[in-house]
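Report on one structure; see the data block that follows.
The values are calculated or read from the model by the stated rules, or taken from the named source; none is laboratory data. Computed from a prediction, not measured in an experiment: that's the story for all the values here. A quick note on method: Cβ atoms are made from the backbone with ideal geometry, for glycine too, and the neighbour counts reach across all protein chains shown.
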Amino acid sequence: MDVIVCVKKVPDTAEADVSVGAGGREINKERLTFAINEWDNYAVEEAIRLKEEDEGTVTVVTVGGKDKEDILRRSLAMGADKAIRLDMEDPEDSFVLANVLYTLIKDQKFDLVLFGAQSGDFNSGVTGVMVARMLGISHAAMVNGIEVLDGRTKTSRELEGGLNEIYEIKLPALFTIQTGINEPRYVSISGIRKARKKELKVMTPADVGVTEVKPMLSLEKMYLPPPGKIAEIIGGSPEEAAAKLASLLKEKGAF
Amino acid sequence: MDFGLTEEEKDIRGAAREFAEKEFPDRARECDLNDEFPRDIWKKACDLGFVAPYVPEEYNGAGIGYMGTCIIVEECTRFDPGIGGIPMMIALGSEVVMLYGTEEEKEKYLSKIPTGENICCFAVTEPDAGSDVAGIKTTAVKDGDEWVLNGSKMFITNGTIADWGIFLAITDPDEKKVHRRFSTFIVDMDKAGVNATKIRGKMGLKASDTADISLSDVRVPEENLLGERRRGFYNVMGFFDRSRVYIGAMGVGIAQGALDLALKYAKERKTFGKPLASNQGIQFELADMKTRVEASRNLVYKGAWATDNGIATPMDVAIAKWYACESAVKNCDQSLQIHGGYGYIDEYDIERFYRAAKVTEIFEGAKQIEKMIIARGLLA
């Protein structure tokens, strides 16, 4: 089975101080650290597992400048076979990006295309699904299990409330992968060494025939959520404060 | 001159950081509290090529030299000094086999360290001889085609968990030149007469095993003499000239880790209505710490690079080890001070770093020994 995995480098915002830039339409990126999108990492691992179970190749693809190559090398070190970097600025608009990736992928040989279910930066969760539509192939989103059958897969999707639904899907297909589908492996030194001998192809938009499309959305404004009222200071004498606290707890159902 | 790491070195840094960041924090406090060596993490580190990575590929190592080793050690000790020591502490002494061993010894002993089949130890220090290496009293006497070892060793890392060890003993007490009285031996730790006892009550670095070892009529075959007879002292010095580079990297990692903890706390903690970090007094402290980290890192990288290129002097390595390890202690002190009272309880990681840091100024050559080496280099 030949699998293509689309990966993206995103800022780590979990513990960082995020601020909005002067223009009000983007966050300040200078102080942020970037890494492979968490969901994409699970997708890379899943592709490698599928390859290890059954013959085939894994190709990882990203869109962006040379500074994005480390996530490709990382995926190669985990066990992917080759990588493609489309050398252009990441459009940051899901529809435009989907169009770019579609143009690139349609000429590649594949049975399965994997995306992360969403990306840690914009969290739209739509790029993969749009690419599937453009390619005209079946898709499933939020996938948390893949079993390969003959020319088909048995694919499990995560629903709300811990429920799953299972489909049999004919290949070729595109799945967007949910975290937790597997446990991604660490990168080993021998993996890093092997990765250096694998192909990391750089292509230009002209090479793949990217045509310009207009974004379907326009970003008006970005802002940090205003701090909510989460704490109430109870004043008064100790007796008054204790009585007030007791009535509050009772009111909220603590007793 | 190029101050940048190669692409491969950057990838190694990223891989080590990810491993340490995911594996260590949940276990660090518990291992320290219980004097527990985390075998599962050691095995994982071996699978990834992080243990004794200076060992050449033909003996199952990663073959990435001391530069690569230092990058891994730095990233690992940044997240926990105790568990973070695994990449090199578990392999202490293996360099002596790498540098002076025969092909058979390298196959039989060295090649089992990176794979996790074996752990080794380096037994030089004795109750009455630490920095004064030539003051050791353990003896090895030839008896037929065997050597018989007697003596006691102290503060031996991995003493109770090692499969084999490198032991320094007096073989030629009548040699005129004191430094030519010693030889090194490989001793399998399950030999009759070898008795290792775990040392408890260490101040820090408790995820790393430390023991005293007694040797009582321990008989080893003739071929277990490692390297040339009468060259033992020099073998030990050859080892220290390399191990001090990665102990320096441990200093850098601890210093960086202490800075990371200080930065996090200073941004979160509010006093007098504003974050600690907004006070210039705190900012100056952070600047001190950052400068020490950078200076130490560059000294260690220079020492590692020179070692890999075969042009390191003992002075280069001593400078790096002394400065980086002192920086670790100073940064931990400043970081704990920034944490205030919370830094003094074990709910916060800085107290574990603080307790661990001190030993880096003591083991692998106390800092006064490093200064003696530097002065000797200047005055020679």
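Of note:
- Among the residues of the range A:105-145, just one is among the aliphatic types (A, V, I, L, M) and at positive phi, namely A:142.
- When A:20, A:61, A:44, A:3 are checked against the criterion of being hydrophobic (A, V, I, L, M, F, W, C) and over 19 Å from the mean Cα position of the chain (by Cα), A:20 stands alone in meeting it.
- Any hit, the range B:75-85, residues being within 14 Å of another protein chain (Cβ to nearest Cβ), without any contact (Cβ under 8 Å) to a residue 40 or more places away in the chain and of a type outside the set (Lys, Arg): no
Residue-wise test of (1) among the aliphatic types (A, V, I, L, M); (2) outside the structural domain of residue B:361 (by the TED database); (3) touching a Ser or Thr at 6+ places or on another chain (Cβ under 7 Å).
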{"residue": "B:250", "(1), (2), (3)": "yes, no, yes"}
{"residue": "B:278", "(1), (2), (3)": "no, no, no"}
{"residue": "B:287", "(1), (2), (3)": "yes, no, no"}
{"residue": "B:297", "(1), (2), (3)": "no, no, no"}
{"residue": "B:318", "(1), (2), (3)": "yes, no, no"}
{"residue": "B:323", "(1), (2), (3)": "no, no, yes"}
{"residue": "B:340", "(1), (2), (3)": "no, no, no"}
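- Residues of the range B:203-230 that turn out to be touching a helix residue (DSSP H, G or I) at 6+ places or on another chain (Cβ under 8 Å) and buried (at least 18 other Cβ atoms within 10 Å of the Cβ), as a count: 7
- When the range B:47-73 is filtered for residues that are more than 9 Å from chain A (Cβ to nearest Cβ), surrounded by fewer than 24 Cβ atoms within 10 Å (Cβ to Cβ) and either under 16 Å from residue B:20 (Cβ atoms) or of a type in the set (Gly, Ala, Ser) (or both), only B:65 remains.
- Flag for residue A:177 being within 14 Å of another protein chain (Cβ to nearest Cβ), among the hydrophobic types (A, V, I, L, M, F, W, C), out of contact with any Lys or Arg (no Cβ under 9 Å at 6 or more places or on another chain) and buried (at least 21 other Cβ atoms within 10 Å of the Cβ): no
- Considering the range B:343-361, and only residues there that are at pLDDT 95 or above and assigned to a loop (DSSP other than H, G, I, E, B), the residue that is nearest to residue B:254 (Cα to Cα) turns out to be B:349.
- The listed residue being in contact with a His (Cβ under 6 Å, 6 or more places away or on another chain) and farther than 18 Å from residue B:244 by Cβ, out of B:345, B:338, B:350: B:350
- Of all residues in the range B:16-41, those satisfying the criterion of being within 14 Å of chain A (Cβ to nearest Cβ) and touching a Gly at 6+ places or on another chain (Cβ under 8 Å) are B:20, B:24.
- Among the conditions (1) away from every other protein chain (no Cβ under 14 Å); (2) crowded, with 23+ Cβ neighbours inside 10 Å, residue B:143 misses just one, which is (2).
- From B:68, B:14, residue being in a helix (DSSP H, G or I), over 20 Å from the mean Cα position of the chain (by Cα), closer than 21 Å to residue B:308 by Cβ and not basic (Lys, Arg): B:14
- Beta carbons closer than 7 Å, at least 6 apart along the sequence or on distinct chains, pair a first residue in the range B:204-216 that is part of a loop (DSSP other than H, G, I, E, B) with a second that is of a type in the set (Asp, Glu) for B:206/B:32; B:206/B:35; B:207/B:32; B:207/B:36.
- Residues of the range A:158-195 that are farther than 20 Å from residue A:74 by Cβ and aliphatic (A, V, I, L, M): A:159, A:163, A:166, A:169, A:171, A:173, A:174.
- Residue B:52 in contact with a Phe, Trp or Tyr (Cβ under 8 Å, 6 or more places away or on another chain) and in contact (Cβ under 8 Å) with a residue 12 or more places away in the chain: no
- Taking the criterion of being farther than 30 Å from residue A:149 by Cβ, outside any loop (DSSP other than H, G, I, E, B) and away from every other protein chain (no Cβ under 13 Å), the residues of the range A:1-47 that qualify are A:10, A:11, A:20, A:27.
- Top-ranked residue of the range A:187-246 - restricted to ones that are over 24 Å from the mean Cα position of the chain (by Cα) and basic (Lys, Arg), ranked as nearest to residue A:67 (Cα to Cα): A:196
- When the residues of the range A:190-231 are filtered to those that are small (Gly, Ala, Ser), outside any loop (DSSP other than H, G, I, E, B) and within 14 Å of chain B (Cβ to nearest Cβ), the one that is farthest from residue A:25 (Cα to Cα) is A:190.
- Among (1) of a type outside the set (D, E, K, R); (2) touching a residue at least 12 places away in the same chain (Cβ under 8 Å); (3) over 28 Å from residue B:237 (Cβ atoms); (4) touching a helix residue (DSSP H, G or I) at 6+ places or on another chain (Cβ under 6 Å) - the single one residue B:322 does not satisfy: (3)
- Filtered residue count, the range B:277-331, keeping only those that are closer than 24 Å to residue B:4 by Cβ and assigned to a helix (DSSP H, G or I): 29
- Qualifying residue in the range A:182-189 (condition: outside any loop (DSSP other than H, G, I, E, B) and within 14 Å of chain B (Cβ to nearest Cβ)): yes
- Cβ pairs under 6 Å, 6+ apart, first in the range A:61-76 and within 11 Å of chain B (Cβ to nearest Cβ), second modelled with pLDDT under 95: none
- The residues in the range B:177-195 that are among the small types (Gly, Ala, Ser) and buried (at least 21 other Cβ atoms within 10 Å of the Cβ) can be counted, and the count is 1.
- Being modelled with pLDDT of 95 or more, within 14 Å of chain B (Cβ to nearest Cβ), within 23 Å of the chain's Cα centre (by Cα) and not in a loop (DSSP other than H, G, I, E, B) is not true of residue A:166.
- Taken over the range A:67-96, residues that are assigned to a loop (DSSP other than H, G, I, E, B) and of a type in the set (A, V, I, L, M) amount to 2.
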